[in-house]
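Engineer: A single structure is presented below for examination.
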Amino acid sequence: MKFLNNSFFLISIFFFNISVSFSQQTIFNNGSGDNLWSTESNWSLGVPNSSNAVAVIKSDIIIVDGNFQVAQLKLPSLNQGGLKDVTLTNSNEGRLTITGQGVNQPVQMNRNGQNLIFNLPVIFDSNENIIGNWRFNSGNQSMTFAKEYSLIINDDIEFTAINTTSEIHFNGKILGEGNLIFGAKSDAFFGPFFDGYQFEGKIIIEGGNTSNDNVTLTANLLDDGTFLKEAVGKIIVNESGSTININGTNILKGNIIITSTHNLNLNINKNQSSVGTLSIGSGTLSIVVDNSVSSISFADNSGADWGSGSIEIFGVSQKELRFGLNSYGLSNDQLNQILVDGDSVFLDSDGFLGITIKDKKGSAINYSTPQWSKKVKSVNPFWHYSWNKDLKDERPSNIEYVPMFWGKGGVTDSEIFRIKELADSGLIKNVLTFNEPDLMSQSNLSVDEVISLWHKFEEIGVPLGSPAVAGINNGWLDEFMAKAEENNLRVDFICLHLYKRNDPQLFLDDIDYIYQTYNKPIWITEMSVVDFNATSIEDNQYTPEQILENLKVLLPELYKRDFLKRFTWFSGTENSPNYPRLVSSVLYDSSGELTILGEYYSSFKPNPLLIDSDGDGVTDDLDECPDTPSGLTVDATGCSDSQKDSDGDGVTDDLDKCPDTPSGLTVDATGCSDPLNFENISSVEKVYPNPISSNRLNVVLKNIDEVENLYFISSNGNRYDPINIQQNGRNLIINISNIKGGIYFLRIYTKNELLGVRVRILK
């Protein structure tokens with residue numbers, strides 16, 4: 001019985017302690033004094049400065065004039081006297097430590113549309129080593145950590161919202177080793193002056209999985225800032241459906257880890273020089289690259305764990321995205337996990353991601369042909385060859401070049417080695433072999449000669465095409481394929497030359513026959529309608545219009561045959577002996593311009609990386625303004641100033657006097673706005689008195705700079721113009737007799753910059 005009595009006594013003490021802890025909830029009621037945290041009369045139930053104290057805030061401005069700690073900051077609902085806008089600032093270098101001790105929500109906001117601004121250093125440090133749930137308990141709320149101040153995270157902080165999505169703004173430094181966690185319905189904005197260089201913790205995305213819970217992280221740092229620290233910095237994605245926007249140059253320097261089956265959308269809108277490694281588990285990373293981006297460099301990822309996941313990349317061109325500094329920056333398995341705009345990829349010798357073109361239409365133009373490069377590009381092909389092995393510098397970009405070993409004289413050890421090096425670097429992905437070996441006027445080779453050289457081609461390590469015979473019924477191809485099989489030689493696809501009368505079915509019959517015979521993929525490397533009896537241009541029996549009707553039937557049929565991988569229409573040259581027989585089939589006229597056949601061939605299944613519909617010099621795949629009127633100067637995105645709205649405020653760049661307006665702000669006809677929380681005092685020496693109870697406000701600028709405009713913005717966004725402004729050098733005298741009491745942002749537009757100063761008027 002004595003034991004029971006003692007137990008009852010201990011339990012009583014326990015409950016008593018709980019009640020004592022609960023009684024430490026104190027209310028900041030904006031009493032006498034200067035809103036100082038240490039002024040006892042400003043608190044209804046005593047001054048909170050202990051690890052388990054709860055501070056209920058009912059004042060719009062709070063001055064922390066020393067180093068204080070509380071368990072919780074609670075901003076009440078409207079019914080409980082909560083204010084819409086609350087700002088914590090400091091004096092005497094004061095800082096506030098939030099412990100979260102004994103509470104579930106170290107920061108709790110309860111009024112709809114409530115805004116909490118920390119204009120002082122904040123530390124989250126829990127003796128209980130808890131995850132601090134900083135909670136938005138109503139809708140459309142925001143929390144801001146101001147410029148020049150730090151958030152020190154010694155224990156994990158999780159931001160969550162229970163109603164509509166709320167915002168967190170980071171504009172200063174983050175330090176510490178605790179993790180920054182974003183739960184459901186929380187969007188975070190990392191402002192121009194955010195600094196994560198000393199942050200040792202991780203950014204973790206826990207919200208998402210449903211459209212209502214998705215998390216968006218937007219990094220708007222100044223160029224070369226640190227959103228994610230190199231090597232140490234990590235973003236861990238534990239839920240699907242979230243998005244990360246990278247809007248500053250060279251700010252993404254750490255690693256991204258996607259766990260389990262989750263997915264992430266990563267939008268890269270500026271060049272990045274030192275992105276870390278990726279880990280994607282069995283999920284999907286979708287990388288969308290803005291048209292203005294020209295360079296993204298990831299670290300060597302060959303040793304990173306990509307699991308069974310996949311990476312989808314949209315909007316990137318050749319030579320824009322790289323992994324490491326050479327072709328070994330990704331493993332072969334990793335390359336197979338990447339798709340760029342739906343196409344497979346490879347790495348070149350410098351580690352750049354190349355795109356394997358999978359479409360069929362090609363071009364066959366000899367290097368000796370005048371304007372050969374222009375002619376190749378003009379038909380919008382996906383691949384081309386020139387009966388040659390040289391990779392010319394002037395070759396059109398975004399078109400795969402396929403080399404050919406035309407005759408046996410080119411099959412030397414040095415040439416094999418050179419082509420192999422190009423293949424290893426990703427510049428060569430297929431190889432063509434001997435041209436019409438069954439003709440004395442062409443490569444003129446026996447089957448046995450070709451078989452004896454074939455092992456050299458196999459050393460290159462890319463798919464090999466058979467010799468392209470002039471006739472499919474003369475037995476040469478049959479003999480070659482039989483001996484290749486007998487000697488266990490690799491022939492990856494069959495190359496055909498087809499010259500027929502103007503009947504599409506004749507072409508299709510031969511194609512189908514070859515496939516049924518050998519059951520291998522087919523490339524048609526030469527194809528054209530020919531009048532075998534023509535001896536002059538004038539007596540060719542076909543007209544271009546007749547052959548055009550053939551093409552309109554033939555080309556769609558070629559695309560229906562999956563086994564037919566590639567084809568190219570042969571356009572004869574004027575100096576060729578065969579020109580009279582081919583003259584009606586040519587794609588180019590004597591001046592190098594497209595004929596009616598050329599126009600149709602160019603427009604049929606065009607390479608989207610080559611099309612320039614509005615003729616502004618920017619291809620459609622890069623052109624954000626595809627209907628630019630003729631004669632206008634455009635940028636790299638194909639847009640003139642009259643077509644662009646760089647800051648997305650609804651005012652085109654040619655009219656926009658404020659081209660860097662932050663997202664979401666209302667602007668006038670000149671594209672200028674007044675962001676409520678904008679502050680810039682870099683060129684302000686003094687503002688006095690502040691707070692002000694008189695009608696005369698004085699501002700001293702650091703430099704003599706002509707003031708072009710000046711007005712006040714209230715907390716609800718209304719503009720107020722003072723009665724009078726006088727400027728004498730650096731000194732401004734402002735008559736505010738017409739402006740009632742409240743908190744305002746003073747906007748000062750000088751010739752050189754926009755200044756913003758918080759002013760409190762006491763009337």
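Engineer: Can you give me the number of residues within region 403-427 that are without any contact (Cβ under 8 Å) to a residue 12 or more places away in the chain and either β-branched (Val, Ile, Thr) or not assigned by TED's automatic domain parsing to the domain that holds Leu445 (or both)?
Structural biologist: 1
Engineer: Still on this structure, please answer the following. What is the number of the single condition among (1) of a type outside the set (Val, Ile, Thr); (2) at pLDDT 95 or above; (3) part of a loop (DSSP other than H, G, I, E, B); (4) farther than 30 Å from Gly139 by Cα that Ser273 does not meet?
Structural biologist: Only one criterion is unmet by Ser273, namely (3).
Engineer: Something else now. Tell me the residue from Gly172, Gly178, Gly183 that is outside the structural domain of Thr259 (by TED's automatic domain parsing), under 23 Å from Val232 (Cα atoms), small (Gly, Ala, Ser) and touching a Leu at 6+ places or on another chain (Cβ under 9 Å), please.
Structural biologist: Residue meeting the stated conditions: Gly172.
Engineer: Something else now. Could you list, in sequence order, the residues of region 144-155 that are part of a loop (DSSP other than H, G, I, E, B) and more than 16 Å from Gln198 (Cα to Cα)?
Structural biologist: Ala146
Engineer: Are any residues in region 1-43 under 22 Å from Gln105 (Cα atoms), surrounded by fewer than 16 Cβ atoms within 10 Å (Cβ to Cβ) and modelled with pLDDT of 50 or more, and if so, which ones?
Structural biologist: Asn29
Engineer: Kindly evaluate Asp503 against the criterion of being in the same structural domain as Leu439 (by TED's automatic domain parsing), more than 24 Å from Pro467 (Cβ to Cβ) and without any contact (Cβ under 8 Å) to a residue 40 or more places away in the chain. Talk me through it step by step, then tell me what you get.
Structural biologist: Values: in the same structural domain as Leu439 (by TED's automatic domain parsing): yes; more than 24 Å from Pro467 (Cβ to Cβ): yes; without any contact (Cβ under 8 Å) to a residue 40 or more places away in the chain: no.
When the stated conditions are applied, Asp503 does not pass them.
Engineer: In region 678-730, what residues are part of a strand (DSSP E or B), farther than 18 Å from Phe745 by Cβ and of a type in the set (Gly, Ala, Ser)?
Structural biologist: Within region 678-730, no residue meets the criteria.
Engineer: Another question, then. Among the numbered conditions (1) assigned to a helix (DSSP H, G or I); (2) more than 30 Å from Asp350 (Cβ to Cβ); (3) not aliphatic (A, V, I, L, M), tell me where Arg418 comes up short.
Structural biologist: With respect to (1) assigned to a helix (DSSP H, G or I); (2) more than 30 Å from Asp350 (Cβ to Cβ); (3) not aliphatic (A, V, I, L, M), Arg418 is out only on (2).
Engineer: Kindly indicate whether Lys270 is in the same structural domain as Arg322 (by TED's automatic domain parsing) and within 24 Å of Gly309 (Cα to Cα).
Structural biologist: The answer is no for Lys270.
Engineer: Could I ask something else about it? Is one or more of the residues making up region 364-373 within 29 Å of Ile287 (Cβ to Cβ) and touching a residue at least 24 places away in the same chain (Cβ under 8 Å)?
Structural biologist: No, every residue in region 364-373 fails to be within 29 Å of Ile287 (Cβ to Cβ) and touching a residue at least 24 places away in the same chain (Cβ under 8 Å).
Engineer: Quickly run through region 165-185 and pick out the residues that are charged (D, E, K, R) and not in a strand (DSSP E or B).
Structural biologist: Glu177, Lys185
Engineer: Is it the case that region 112-133 has a residue that's farther than 19 Å from Thr160 by Cα, in contact with a Phe, Trp or Tyr (Cβ under 8 Å, 6 or more places away or on another chain) and not in a loop (DSSP other than H, G, I, E, B)?
Structural biologist: No; the residues of region 112-133 include none that is farther than 19 Å from Thr160 by Cα, in contact with a Phe, Trp or Tyr (Cβ under 8 Å, 6 or more places away or on another chain) and not in a loop (DSSP other than H, G, I, E, B).
Engineer: Given the criteria at pLDDT 90 or above, assigned by TED's automatic domain parsing to the domain that holds Tyr542 and either surrounded by fewer than 15 Cβ atoms within 10 Å (Cβ to Cβ) or in a helix (DSSP H, G or I) (or both), does Ser584 qualify?
Structural biologist: For Ser584, the condition - at pLDDT 90 or above, assigned by TED's automatic domain parsing to the domain that holds Tyr542 and either surrounded by fewer than 15 Cβ atoms within 10 Å (Cβ to Cβ) or in a helix (DSSP H, G or I) (or both) - is met.
Engineer: On to the next question. List the pairs whose first member sits in region 733-749 and is in a loop (DSSP other than H, G, I, E, B), whose second member is surrounded by 17 or more Cβ atoms within 10 Å (Cβ to Cβ) and among the β-branched types (Val, Ile, Thr), and whose Cβ atoms are under 8 Å apart, counting only residues at least 6 apart or on separate chains?
Structural biologist: Pairs that qualify, where the first residue is in a loop (DSSP other than H, G, I, E, B) and the partner is surrounded by 17 or more Cβ atoms within 10 Å (Cβ to Cβ) and among the β-branched types (Val, Ile, Thr), are Ile736/Ile692; Ile736/Ile761; Ile739/Ile761; Lys740/Ile761; Gly741/Ile761.
Engineer: Restricting to region 286-323, give me the number of residues that are part of a loop (DSSP other than H, G, I, E, B), touching a strand residue (DSSP E or B) at 6+ places or on another chain (Cβ under 9 Å), among the small types (Gly, Ala, Ser) and more than 16 Å from Asn250 (Cα to Cα).
Structural biologist: Pass one, region 286-323, residues part of a loop (DSSP other than H, G, I, E, B): 290-295, 299-309, 315-320.
Filter once more, so that each one left must be touching a strand residue (DSSP E or B) at 6+ places or on another chain (Cβ under 9 Å): 290, 293, 295, 299-302, 304-307, 309, 315-320.
Subset that is among the small types (Gly, Ala, Ser): 295, 299, 302, 304, 307, 309, 315, 317.
Restricting the remaining residues to those that are more than 16 Å from Asn250 (Cα to Cα) gives 302, 304, 307, 309, 315, 317.
Count: 6.
Engineer: Another one. For region 561-581, check the following and say yes or no: at least one residue is over 27 Å from Pro521 (Cβ atoms), surrounded by 13 or more Cβ atoms within 10 Å (Cβ to Cβ) and hydrophobic (A, V, I, L, M, F, W, C).
Structural biologist: No: zero hits.
Engineer: Same structure, new question: For region 690-703, indicate whether the set of residues that are among the small types (Gly, Ala, Ser) and touching a residue at least 24 places away in the same chain (Cβ under 8 Å) is non-empty. Let's see the steps before the verdict.
Structural biologist: Step one: filter region 690-703 for residues among the small types (Gly, Ala, Ser), giving 693-694.
Now narrow it down to the ones that are touching a residue at least 24 places away in the same chain (Cβ under 8 Å): 693.
Yes: region 690-703 contains one or more residues that are among the small types (Gly, Ala, Ser) and touching a residue at least 24 places away in the same chain (Cβ under 8 Å).
Engineer: Inspect region 278-291 for any residue being among the hydrophobic types (A, V, I, L, M, F, W, C) and over 29 Å from Asn212 (Cβ atoms) and give the result as yes or no.
Structural biologist: No, because not a single residue in region 278-291 is among the hydrophobic types (A, V, I, L, M, F, W, C) and over 29 Å from Asn212 (Cβ atoms).
Engineer: Just need a number here: residues in region 488-512 that are assigned to a helix (DSSP H, G or I) and among the charged types (D, E, K, R).
Structural biologist: The number of residues fulfilling the criteria is 3.
Engineer: Looking at region 699-738, which of its residues are of a type in the set (A, V, I, L, M) and closer than 25 Å to Gly113 by Cα?
Structural biologist: Hit for region 699-738 is Ile713, nothing else.
Engineer: Now for a separate question. Is at least one residue of region 242-254 closer than 19 Å to Leu335 by Cβ, without any contact (Cβ under 8 Å) to a residue 60 or more places away in the chain and in the same structural domain as Phe323 (by TED's automatic domain parsing)?
Structural biologist: Looking through region 242-254, none of the residues is closer than 19 Å to Leu335 by Cβ, without any contact (Cβ under 8 Å) to a residue 60 or more places away in the chain and in the same structural domain as Phe323 (by TED's automatic domain parsing).
Engineer: Now for a separate question. Can you tell me how many residues within region 324-334 are in a helix (DSSP H, G or I) and modelled with pLDDT of 90 or more?
Structural biologist: Of the residues in that region, 1 qualify.
Engineer: Same structure again: Looking at (1) in contact with an Asp or Glu (Cβ under 9 Å, 6 or more places away or on another chain); (2) in a loop (DSSP other than H, G, I, E, B); (3) more than 30 Å from Thr535 (Cα to Cα), can you tell me which one Ser590 breaks?
Structural biologist: Unmet for Ser590, out of (1) in contact with an Asp or Glu (Cβ under 9 Å, 6 or more places away or on another chain); (2) in a loop (DSSP other than H, G, I, E, B); (3) more than 30 Å from Thr535 (Cα to Cα): (3).
Residue-wise test of (1) in a loop (DSSP other than H, G, I, E, B); (2) closer than 30 Å to Glu679 by Cα.
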residue	(1), (2)
Asp187	no, yes
Pro192	yes, yes
Leu221	yes, yes
Val232	yes, no
Ser240	yes, no
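Engineer: Considering only residues that are β-branched (Val, Ile, Thr) and either outside any loop (DSSP other than H, G, I, E, B) or crowded, with 16+ Cβ neighbours inside 10 Å (or both), which ones fall in region 513-551?
Structural biologist: Ile514, Thr517, Ile522, Ile524, Thr525, Val529, Val530, Ile547
Engineer: May I pose another question? When region 716-732 is examined, which residues are found to be in contact (Cβ under 8 Å) with a residue 12 or more places away in the chain and over 20 Å from Cys672 (Cβ atoms)?
Structural biologist: Ile723, Gln727, Gly729, Arg730, Asn731, Leu732
Engineer: A further question on this structure: Out of all the residues in region 33-51, which are part of a strand (DSSP E or B) and free of Cβ contacts under 8 Å to residues at least 40 places away in the same chain?
Structural biologist: Listed by number, the residues that qualify are Trp43, Ser44, Gly46.
Engineer: Please work out which one of (1) surrounded by 17 or more Cβ atoms within 10 Å (Cβ to Cβ); (2) at pLDDT below 90 is the condition Val376 fails and give its number.
Structural biologist: Condition not satisfied by Val376: (2).
Engineer: Here is a further query. Only one of Glu485, Glu449 is among the acidic types (Asp, Glu), touching a residue at least 24 places away in the same chain (Cβ under 8 Å) and part of a helix (DSSP H, G or I); which?
Structural biologist: Glu449
The values are calculated or read from the model by the stated rules, or taken from the named source; none is laboratory data. None of these values were measured; they are calculated from a predicted model. We place every Cβ from the backbone using ideal geometry, glycine too, and count neighbours over all the protein chains shown.
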